[in-house]
Amino acid sequence: MERIQKIQELHKVTGFLLLRGLFAVFLVAVLLNGCATNPAPKIDTESVSLKRAEAEIPESELLDVRIEIFTPGELPESEEQALGLSKEIRTAESHYIPIQLKNEMQQTGHWGAVRVVPKGTAGAEVLVTGKIINSDGEILELEVNAQDAIGNYWLGKRYQGAVDRAMYEKSAEDQTEAFQNVYRRIANDLADYRLQLTPEQVKQIRRVAEMQFAQALAPSALGGYLIQDEKKGLYRIDRLPSEEDTILIQVRRIRERDYLLVDTLDSQYDGLYRDMQVVYRDWRQARITEIEMIREVEAKKHKEQAKAVGLILGSIAIAALGGNNNSNYSYNPSVAIAAGSVATIGVQKLFDASEIGKEAEINKAALEELGASFSADVNPIIVELEGETIELTGTAESKYQQWREVLGRLYAIETEAELAPDHLAPSEP
């Protein structure tokens, strides 16, 4: 009877240890799946050169480009992926990125004036818009679209690049942008489309852009010159006013004043760009350091988990060995004790390893404070127009709409015409 009791006791201990070991292995799978970070992306090491104009392009064949402030996009839903990011940072980036793209485009020699503008300006010859899909210091992914005044789509594409800490160090030494390749690919694609255009096509784009501005300012007087295809949505010139047309001359004069405000806004964006260059670079370097630190912690944690699995499996083997060695039903309590001890150590290491990931939270507060330091606000603009001092306030979009109203009133005074309020709204391209 005593022998049977020992056998039953041995089976109970062995069965308990096996279940305990299997449970711990299950915990390993949960921790590995639940705590793993995103894998390191493939670093963009290719050197992209700008496609520059081979010869100087005549002024009559140059197209002006307006790059709208980018849409900030959404932050990642995952708390881990959104670590250190904020809406304030994204708003700042939505202003910084267009300026960086402008700087690259201006170096190519393919364009006339390249300006960064708020949303809703009228009369662009080429309009570039964009959205930030992802920007975390390590990866930059942008969705970029471009079309001309006629309505032809030049570009509708996503661009992505990934960098590491070494690339930030090199960009600091070279005084270049870490994600320069991304911006140069966009600039090169736009240049490729421009090079396909004939001088006559460029001329048509410029004419349509001018008439779009004129129609937005004086639709009653200049509303019949453009026709839009209902199916394709493209604009074409139906007829043109005479070069000596008084209204056209006045519109062109007012358009030059419009350029003054656009240039002023562009200069303010340039100032913001310069102000945030250093702090933005520091934030991105801190962010990528944070990401790499998390990966190092995860690697260490997974190593500890692997050790724990080995110990657990060892405990199961010891328990099984104990059972086999007792095939003669001789109970060996030391085997059960050893197996239980090893399993306990293994399970404890699993939970110790799960605590290591908390080290990655160290810099989070500092990074969030950096986000609050970004500001996309621009100061009020004071302009002198026909002896009158005008102050434009609010957001850049609001300033431009106020300016459009001022130009509309100026046009009304100069032409002794009475414009309805809806005449001041810019027409859709």
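The values are calculated or read from the model by the stated rules, or taken from the named source; none is laboratory data. For clarity, every value in this text was computed on a predicted model and none was experimentally measured. When we count neighbours, we look across all protein chains shown, and the Cβ atoms used for this are built from the backbone with ideal geometry, even at glycine.
Here G21 does not qualify as under 24 Å from N145 (Cβ atoms), small (G, A, S) and either surrounded by fewer than 15 Cβ atoms within 10 Å (Cβ to Cβ) or modelled with pLDDT under 85 (or both). Just one of the numbered conditions (1) touching a residue at least 24 places away in the same chain (Cβ under 8 Å); (2) farther than 17 Å from V128 by Cβ; (3) in a helix (DSSP H, G or I) is not true of E173: (1). The residues of region 267-290 that are charged (D, E, K, R) and buried (at least 20 other Cβ atoms within 10 Å of the Cβ), listed by number, are R284, R287, E290.
Here is a yes/no grid of residues against (1) touching a helix residue (DSSP H, G or I) at 6+ places or on another chain (Cβ under 7 Å); (2) within 24 Å of N145 (Cα to Cα); (3) not in a helix (DSSP H, G or I):
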position: R194; (1), (2), (3): no, yes, no
position: K231; (1), (2), (3): no, yes, yes
position: S242; (1), (2), (3): no, no, yes
position: V251; (1), (2), (3): yes, no, no
position: I254; (1), (2), (3): yes, no, no
position: I288; (1), (2), (3): yes, no, no
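Apart from one condition, Y153 fits all of (1) in contact with a Lys or Arg (Cβ under 8 Å, 6 or more places away or on another chain); (2) without any contact (Cβ under 8 Å) to a residue 12 or more places away in the chain; (3) closer than 15 Å to A124 by Cβ; the exception is (1). Within region 128-139, if we keep just the residues that are at pLDDT 95 or above and under 25 Å from D282 (Cα atoms), the residue that is surrounded by the most Cβ atoms within 10 Å (Cβ to Cβ) turns out to be G130.
Matching residues to (1) loosely packed, with under 14 Cβ neighbours inside 10 Å; (2) modelled with pLDDT under 60; (3) touching a strand residue (DSSP E or B) at 6+ places or on another chain (Cβ under 7 Å); (4) not β-branched (V, I, T):
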| residue | (1), (2), (3), (4) |
| --- | --- |
| M1 | yes, yes, no, yes |
| V30 | yes, yes, no, no |
| L50 | no, no, no, yes |
| S60 | yes, no, no, yes |
| V65 | no, no, yes, no |
| L75 | no, no, no, yes |
| Q81 | no, no, no, yes |
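Return the residues of region 230-251 that are of a type outside the set (V, I, T) and in contact (Cβ under 8 Å) with a residue 24 or more places away in the chain; say none if nothing qualifies.
As a first pass, look at region 230-251 and keep what is of a type outside the set (V, I, T): 230-236, 238-245, 248, 250.
Of everything in region 230-251, those that are of a type outside the set (V, I, T) and in contact (Cβ under 8 Å) with a residue 24 or more places away in the chain turn out to be K232, G233, L234, Y235, R236, L240, L248, Q250.
Return yes or no: is T176 at pLDDT 85 or above, within 25 Å of the chain's Cα centre (by Cα) and of a type in the set (S, T, Y)? Here the answer is yes, as T176 does meet what is asked. Only one entry of A92, A82, A122 meets the criterion of being hydrophobic (A, V, I, L, M, F, W, C) and under 30 Å from Q215 (Cβ atoms), and that entry is A122.
Collect the residues in region 100-110 that are surrounded by 20 or more Cβ atoms within 10 Å (Cβ to Cβ), more than 14 Å from A178 (Cα to Cα) and touching a Leu at 6+ places or on another chain (Cβ under 8 Å), keeping them in residue-number order. Within region 100-110, M105, H110 meet the criteria. Test R239 against the stated conditions and say whether it is modelled with pLDDT of 80 or more, in contact with an Asp or Glu (Cβ under 8 Å, 6 or more places away or on another chain) and either under 30 Å from T176 (Cα atoms) or surrounded by fewer than 16 Cβ atoms within 10 Å (Cβ to Cβ) (or both). The answer is no for R239.
Here A214, A218, A146 are screened, and the one residue that is surrounded by 21 or more Cβ atoms within 10 Å (Cβ to Cβ), under 19 Å from the mean Cα position of the chain (by Cα) and either modelled with pLDDT under 90 or of a type outside the set (S, T, N, Q) (or both) is A146. No other residue among Q196, Q204, Q175 is on the phi > 0 side of the Ramachandran plot and surrounded by fewer than 19 Cβ atoms within 10 Å (Cβ to Cβ) apart from Q175.
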